[in-house]
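Take a look at the structure set out below.
The values are calculated or read from the model by the stated rules, or taken from the named source; none is laboratory data. The structure displayed is predicted, hence computed values, not measured ones. Here Cβ is always computed from backbone atoms with ideal geometry, including for glycine, and neighbour counts include all displayed protein chains. For accessibility, only protein heavy atoms count, side chains too; no ligands or nucleic acids. Shrake-Rupley method; radii C 1.70, N 1.55, O 1.52, S 1.80 Å.
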Amino acid sequence: MWLSKRHRPTGPLTAASRGRALLLAGCLLALTGCEFRPLYAERPAEADDGGYAASFEQVRIMPIPNRSGQILHNYLRDEINPRGQPVDPVYALRVNVTEDALRVGVRKDETATRANLRVIANFELLDTSRGVSTLTGRTATLVSYNLLSQQPFATNEAEVDARERALETISRDISTRLAAHFEEQQKAAQAPSQP
């Protein structure tokens, strides 16, 4: 939106603007004081902690049944194992995917014009050496697509596209939660032990 010269601020900052700027600066300083570190921040070269990426290289993604599972497996490999799955993994990631479609947008002749596809994934990260679960979770997403009564091929393609969008979103959520989990583990391991 363009502002006319009459509405553009031209003078010095108002007291409210200065107050907001000072509040923002204070919040940023407070975050640095509590050791806040963004998950995807660049790390200095001398800090050879590996971060979550080193842990990702030790995760084997177990096969997921059905076509949706295969698609999700491939997305997870792109996120977690871009260089290939480990030969001797420390962790195993198990995922179970379910989906259901609900037809909405019903016309007077009782034909649906839109569908909602809900995809749910339950996941579990296992420590392979101890055989125990270190993280479990559930993630879900809902996507919509058009139902074209006279064009079944287009409807099928819309459903395939919606499913792939949903599975990509789920894979990003799972990998983000795994990254946060590994960061917490690493932070706990590096914390000085209490006497």
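Between T128 and T155, residue separation times 0.36 nm minus the direct Cα-Cα distance comes to 5.4 nm.
Residues whose amide H comes within less than 5 Å of that of Q58, counting only those at least five positions distant or on another chain, are absent (H built at 1.01 Å from N in the peptide plane). For the range 54-195, the solvent-accessible area works out to 61 Å² per residue, with a probe of 1.4 Å and every protein chain left in place. Between T128 and Y91, A92, the built amide H atoms are under 5 Å apart, and every one of these is 5 or more places off in sequence or on another chain. Fully extending the segment from N66 to A25 would add 9.7 nm, taking 0.36 nm per residue of separation and subtracting the current Cα-Cα distance.
Could you please state how large a percent of the accessible area of the range 47-150 is carbon and sulfur, counting protein chains only and using a 1.4 Å probe? Intermediate values should be presented prior to the final figure.
Details: 2840 of 6240 Å².
Here carbon and sulfur together make up 45 percent of the probe-accessible area.
Applying 1/(1 + (r/R0)^6) with r as the Cβ-Cβ distance of S144 and R94 and R0 = 25 angstrom yields a FRET efficiency of 0.30.
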